[in-house]
Structure formats: C-alpha cells, structure tokens
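**Student:** Before we start, here is the structure in question, set down as structure tokens.
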Amino acid sequence: MKIGNLLYRAVSFVHIDDKVVEANMDEKKKFNWKEAVIDALIVAGFNFFYTLAGISTAQIITEPVKVLVAGLVSAGLGFFSTLAIKRGVKH
C-alpha cells in the first residue's frame, strides 16, 4: 500500500448512516427522568449515610452540623454524578 493511501484512511471521516443517527435520537427521546431521579436519590442516600457512618466510626464527630454538611455534600455529589452518567454527559 502507498503511504498516501494509509494517511487518507487514517484521517478520513467515517460516514454515519442516517438510520443510526435516527436510532440514537429516538433513544435520547426515550430517556426516563423518573427512573433516573429515583436512582440518583438512592445513590445520594447511600452516600449520605455512608458518610455519617464513616465519620462516626472514625470518631471524628466534634461538631454535628459539620458532619451533616459533609453528608449533604456527599449526597449532592452522588445525586448529580448519577444523573450525569445516566444522561451520558461528557465534558
């Protein structure tokens, strides 16, 4: 094979079939927000209580308000990261 042909094949764009694009669009339209939010709430609950359990097990409870804030931060991260993963968000 010629080097030019190899380079052309390496940098050429792949043609996407219109049927594949339409199937992906239909898949995105069928996203179920109710199930995604329920899954995210479950993960957030796990994160919240695991954080509280970890802090109490390590016996670093000096101020209960800070412990609750740590649990809420953990729950928020779990909630929004689960929604982002379910929606297929990429940076």
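**Student:** Would you point out the residue of segment 40-79, among those that are of a type in the set (Phe, Trp, Tyr) and surrounded by 14 or more Cβ atoms within 10 Å (Cβ to Cβ), that is farthest from Lys30 (Cα to Cα)?
**Tutor:** Among residues in segment 40-79 that are of a type in the set (Phe, Trp, Tyr) and surrounded by 14 or more Cβ atoms within 10 Å (Cβ to Cβ), the one farthest from Lys30 (Cα to Cα) is Tyr50.
**Student:** Same structure again: Which one of these is outside any helix (DSSP H, G or I), of a type outside the set (S, T, N, Q) and in contact with a helix residue (DSSP H, G or I) (Cβ under 9 Å, 6 or more places away or on another chain): Ile42, Ile61, Ile55? Working first, answer last.
**Tutor:** Details: Ile42 fails: outside any helix (DSSP H, G or I); Ile55 fails: outside any helix (DSSP H, G or I).
Within the list Ile42, Ile61, Ile55, the selection yields Ile61.
Read-outs: derived from the displayed coordinates by stated rules, not from any lab. The structure displayed is predicted, hence computed values, not measured ones. Note that we place each Cβ from the backbone using ideal geometry, even for glycine, and neighbour counts take in every protein chain shown.
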